[in-house]
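Here is the structure we will look at, set down as structure tokens.
The values are calculated or read from the model by the stated rules, or taken from the named source; none is laboratory data. The structure displayed is predicted, hence computed values, not measured ones. Reconstructed Cβ throughout: ideal geometry from the backbone, glycine too, with neighbour counts over all protein chains shown.
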Amino acid sequence: MRFRSKVRRIAGLALLGLVASAVLSACDKSPSILQPAGPIAQNEAYMAYMVFGVAAVVFVLVTAALIYCIIRFRDRPGAAEARQLQGNQRLEIIWTVVPTLLLFGILFFTIRTMFLVATPPSPANITVNVIGHQWWWEFDYQQNGKTQFVTADELHAPVNAIVHLNLISDNVIHSFWIPQLTGKTDVIPGHNNTMWFQATSFDPNNPDNNVYRGACAEFCGTQHAHMDFIVVIQTQSDYNSWVTQQMQPAATPAAGSQAAAGLKVFQTAGCEGCHAINGVTPPVKGLIGPNLTHFGSRQLIAGGVLSNTADNLFQWVYQAQTVKPGVDMPDFNGSAGSAGNLSQDQVNALVAYLESLQ
Amino acid sequence: MAVGSIATRGRTARQTWKQSKFGSWVTTTDHKKLGILYVSTGFIFFLAGGIEASLIRWQLSTPNAGHLSPEAYDQIFTMHGLTMIFLFVMPTMAGFGNYLVPLMIGARDMAFPRLNALGYWLLFFGGIFMYASFIFGSAPNAGWFSYAPLTEASPGCFTQGVAAMSAQAQAQFATQNLQLSCFSPGQNPDFWIIGLNLLGISSLVGALNFIVTILRLRAPGMTINRMPLFVWMTMITSFLLVFALPSLTVASFLLLFDRHLGTHFYQAGAGGDPLLWQHLFWSFGHPEVYILILPAFGMISEILPVFSGKPIFGYTFVAWSGVAIGFLSFTVWAHHMFAVGLPTVAQAFFASTTTLIAIPTAVKIFNWVATLYGGKLRFHTPMLFATGFIAMFLIGGLNGAALAVVPFDYQVTDTYFVVAHIHYVLFGGSVMAIFGGIFYWFPKMFGRQLNETLGKIQFWLFLIGLNLTFFPMHILGILGMPRRQYTYPPNLGWDGLNLAASIGVLILIAGVLIFLWNLVRTFMKSGVGMADDPWDAFTLEWATASPPPPENFKTIPTVRSRRPLWDMKHPDKADWLTEGH
């Protein structure tokens with residue numbers, strides 16, 4: 001008995017520690033499904049609270065009964081003989097019917113919410129084709145069924161807008177997930193899945209609070225872990241100016257600058273085999289790597305692995321296979337299997353050029 | 001004359017080999033020896049799968065750790081799942097079934113002893129085949145579910161050496177690869193396909209053998225309604241295997257055809273459909289979950305009554321809720337697929353069937369608790385594991401029912417929440433039941449008892465370790481951590497919880513080491529005069545010597561109730577005096 005209560009105390013402490021670490025980690029910015037920023041995630045969070053509540057009550061009741069039996073009917077000197085009880089028809093019926101009612105009550109709310117989140121309340125304000133690659137996300141903004149511009153790993157949308165997404169893959173299955181905005185929908189070759197979301201909360205003082213983390217949730221190969229993206233929610237006017245900027249062709253670097261040297265590297269080192277830059281390369285679709293036209297304006301690179309700094313970009317170009325092993329992007333450091341042997345100066349020039357593409 | 005003598009000598013030599021210690025195990029068709037072989041093979045794979053689990057938790061203990069390469073991580077997490085499901089839980093349950101079913105129903109052996117041996121050796125070589133893939137660096141690496149088209153390739157993929165190409169040629173090849181669906185040109189999926197089919201045949205012949213044995217070889221008076229619940233659950237499991245495995249066979253052969261014969265069953269670009277794989281796989285995969293847990297229900301339903309000193313509460317309800325689960329398990333497969341974009345009405349259907357299957361599961365839990373009520377509970381190690389099972393499986397049932405709440409599932413499917421769920425079911429459920437079963441039936445199998453103190457310490461280490469490992473995973477899922485990631489970034493609130501889970505594994509490892517020490521100690525001890533019925537049990541397997549003679553029973557007993565041994569020991573209050581039929 002002593003040992004037992006000690007064990008229980010240790011287990012209790014461990015649980016307390018868990019809760020404490022969960023609370024502490026709330027200081028970090030988790031993409032928590034319980035911190036919704038739009039109606040879909042909000043409805044899904046309500047369902048979460050409902051099932052947690054019901055599960056907690058059932059767990060406490062059943063465990064209490066279990067512990068009561070364990071303590072009360074433990075064999076001890078002078079304990080009564082066990083009653084040779086075979087069962088009880090009425091009890092069986094009660095504990096079949098009660099969970100049935102409870103579960104079908106939950107099912108009612110489940111199905112109601114399913115239909116609630118399935119369709120948006122009004123027609124879409126913007127439409128984006130989401131293309132899952134191994135291992136990065138391409139966002140193809142649509143207008144009247146045509147491509148307006150494309151970007152990578154960064155989805156922008158105005159606050160309160162209904163955003164309609166067409167989910168496309170020509171390779172393996174991915175799953176598109178923005179925990180604080182919407183649950184996931186799989187991106188399956190040959191299936192034209194769609195989803196929608198709407199961001200209703202907005203912090204005008206700190207734009208960082210309007211950026212939501214998203215990720216691929218379906219195992220899609222070696223670098224499934226590194227297929228993240230962000231969703232940037234903006235005011236309508238900020239969004240409009242972002243769109244205007246994204247529709248421009250790439251900026252031309254000043255003659256004789258380091259960036260101009262970088263452009264040269266871009267054109268000669270084989271980058272064009274996989275990457276497009278509007279105004280520099282011929283306009284083709286379906287290339288292997290992201291379109292880099294406004295590369296400098298993006299917050300993340302390498303499929304959401306790295307923040308977009310000159311140092312990170314240098315590492316990425318120079319030795320992508322070390323940063324993200326297995327990715328299609330080859331090394332350019334002259335090592336075995338690399339696609340070229342660029343000097344550090346050349347890579348620095350290329351970095352300067354790409355970062356100038358605002 | 002000369003020829004004859006050689007032949008005679010040959011036969012004698014063979015007979016001695018068969019009688020030798022090693023040869024008698026290799027050539028045996030005795031269900032008891034095969035049962036022990038199954039359980040020990042399963043246990044060795046449990047250790048292998050445990051090492052893989054430890055590597056996974058080592059890699060994930062801190063953010064951006066580099067202990068394992070992404071490729072190694074993928075192979076290890078895939079093999080962990082395959083091992084624990086197909087090479088540990090299934091063989092161990094089949095082993096207990098083999099050992100116990102003939103004894104429990106009063107038979108001399110299984111109906112088809114040679115088929116029984118075939119089943120074991122297919123498992124043995126199937127397991128070795130799967131693990132041989134590591135030697136070629138090609139262990140399966142796309143998850144135990146191995147979704148197409150990630151596992152796809154076409155015959156054209158295998159002919160070109162990618163590494164030797166120039167960058168431009170590589171780029172061209174990559175585009176061309178998309179058309180050919182060359183996502184897995186290595187042999188990894190082939191090991192998966194062929195390995196699982198070997199194991200599938202093993203399970204299938206085993207299942208057929210159980211069905212015939214249970215339906216045809218019961219002792220006089222052992223009606224279906226008097227069978228021990230472990231026999232009931234083994235029978236239901238066997239029917240599930242017979243009806244579920246063909247779906248896996250079909251799915252995997254179509255993939256094999258795609259990869260090596262140039263068909264396109266799962267290749268969308270050529271008119272196939274990747275979702276076909278998921279429907280076929282989960283039509284097998286969900287019954288499979290119950291294949292892993294129903295025998296555990298059976299074990300618990302044997303252990304709880306004996307250590308409570310009273311019959312199981314609501315025998316009929318426990319048995320028939322198992323049957324209900326068996327039927328319903330074939331109607332819930334698409335709850336693994338709520339995120340694939342099925343029509344909302346179809347999703348509502350599968351949410352409803354999943355809700356239905358929770359009801360018989362709840363009924364079982366209530367009956368187990370009620371079995372304790374009014375009893376005289378003896379907390380030997382098997383009983384600790386059995387009561388621990390109820391509490392842990394309860395959590396696995398509740399977080400499973402939560403996953404039937406579709407809008408919640410949209411959020412947590414493919415996250416660590418689901419990892420928490422399956423491990424509460426399979427570790428908190430199946431593994432706790434298996435260790436309870438090992439401690440309970442060990443004296444039957446070997447005529448000696450495992451040490452109780454070490455057993456109890458192991459139980460508490462398991463209980464604490466599994467909760468510390470798997471409970472934080474619920475929170476990780478809610479905080480947005482997808483599963484099957486070889487690493488994760490810092491500052492997302494995931495670090496502490498992952499570290500806690502990894503520390504939990506250390507506690508589990510300590511538990512396993514104590515069990516190994518317990519085994520060694522027990523086998524080192526020279527023969528102890530142990531009673532044939534050390535637990536004061538109820539069922540026929542304890543009505544014979546421990547370990548039983550090759551023919552099991554001197555005379556086949558006649559059965560008059562569900563607790564034949566209780567009747568023998570308490571003729572004045574025998575069950576058949578009061579049982580209402």
Residues that are small (Gly, Ala, Ser) and more than 30 Å from B:His570 (Cα to Cα): find the strands (runs of 3 or more DSSP E) completely inside region A:63-153 holding 3 or more of those. none
Counting only residues in region B:411-458 that are of a type in the set (S, T, N, Q) and in a helix (DSSP H, G or I), the one nearest to B:Leu100 (Cα to Cα) is identified as B:Ser430
Just name the residue that is farthest from the chain's Cα centre (by Cα) out of those in region B:274-320 that are surrounded by 23 or more Cβ atoms within 10 Å (Cβ to Cβ) and free of Cβ contacts under 8 Å to residues at least 60 places away in the same chain. B:Gly314
Within region B:262-273, track down each residue that is among the aliphatic types (A, V, I, L, M) and either away from every other protein chain (no Cβ under 13 Å) or buried (at least 18 other Cβ atoms within 10 Å of the Cβ) (or both). B:Ala268
Among the residues of region B:367-382 satisfying the criterion of being part of a loop (DSSP other than H, G, I, E, B) and touching a strand residue (DSSP E or B) at 6+ places or on another chain (Cβ under 9 Å), which is surrounded by the fewest Cβ atoms within 10 Å (Cβ to Cβ)? B:Arg378
Search result, residues across region B:392-411 that are surrounded by fewer than 24 Cβ atoms within 10 Å (Cβ to Cβ) and within 16 Å of A:Ala217 (Cβ to Cβ): B:Leu403
Scan A:Phe202, A:Phe314 and give me the residue that is in a loop (DSSP other than H, G, I, E, B), at pLDDT 95 or above and of a type in the set (Phe, Trp, Tyr). A:Phe202
So B:Phe327 fits all but one of (1) more than 10 Å from every other protein chain (Cβ to nearest Cβ); (2) closer than 30 Å to B:Ile457 by Cβ; what number is the exception? (2)
Report yes if B:Gly106 is in a loop (DSSP other than H, G, I, E, B), within 23 Å of the chain's Cα centre (by Cα) and at positive phi, otherwise no. no
Mind listing just one residue for me: the one in region A:50-69 that is within 18 Å of A:Phe108 (Cβ to Cβ) and within 7 Å of chain B (Cβ to nearest Cβ) and, of those, surrounded by the most Cβ atoms within 10 Å (Cβ to Cβ)? A:Val51
Just one of the numbered conditions (1) in contact with a strand residue (DSSP E or B) (Cβ under 7 Å, 6 or more places away or on another chain); (2) in contact (Cβ under 8 Å) with a residue 24 or more places away in the chain; (3) within 14 Å of chain B (Cβ to nearest Cβ) is not true of A:Pro179; which one? (1)
Determine whether B:Phe385 is more than 9 Å from chain A (Cβ to nearest Cβ), in a helix (DSSP H, G or I) and under 28 Å from B:Thr355 (Cβ atoms). no
Which of the residues that make up region A:212-230 are touching a residue at least 24 places away in the same chain (Cβ under 8 Å), outside any loop (DSSP other than H, G, I, E, B) and out of contact with any Gly (no Cβ under 6 Å at 6 or more places or on another chain)? A:Tyr212, A:Arg213, A:Gly214, A:Ala215, A:Cys216, A:His224, A:Ile230
Among the candidates A:Pro99, A:Pro120, residue that is facing another protein chain (nearest Cβ under 9 Å), surrounded by 13 or more Cβ atoms within 10 Å (Cβ to Cβ) and not aliphatic (A, V, I, L, M): A:Pro99
From the list B:Leu384, B:Leu372, B:Leu398, B:Leu426, pick out the single residue that is without any contact (Cβ under 8 Å) to a residue 24 or more places away in the chain and on the phi < 0 side of the Ramachandran plot. B:Leu398
Over region B:468-524, the set of residues within 13 Å of another protein chain (Cβ to nearest Cβ), basic (Lys, Arg) and more than 30 Å from A:Gly303 (Cβ to Cβ) is none
Residue set A:Pro253, A:Pro330; condition touching a Ser or Thr at 6+ places or on another chain (Cβ under 7 Å) and within 22 Å of A:Gln223 (Cβ to Cβ); output residue A:Pro330
Any idea how many residues of region A:285-311 are within 12 Å of chain B (Cβ to nearest Cβ), aliphatic (A, V, I, L, M) and either over 15 Å from A:His133 (Cα atoms) or not in a loop (DSSP other than H, G, I, E, B) (or both)? 2
Given (1) more than 10 Å from chain A (Cβ to nearest Cβ); (2) crowded, with 24+ Cβ neighbours inside 10 Å; (3) among the aliphatic types (A, V, I, L, M), number of the condition B:Val419 does not satisfy: (2)
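Listed here are the residues, each with its yes/no results for (1) over 22 Å from the mean Cα position of the chain (by Cα); (2) not assigned by TED's automatic domain parsing to the domain that holds A:Val231; (3) not acidic (Asp, Glu).
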| site | (1), (2), (3) |
| --- | --- |
| A:Asn291 | no, yes, yes |
| A:Ala302 | no, yes, yes |
| A:Asn312 | no, yes, yes |
| A:Asp331 | yes, yes, no |
| A:Ala339 | yes, yes, yes |
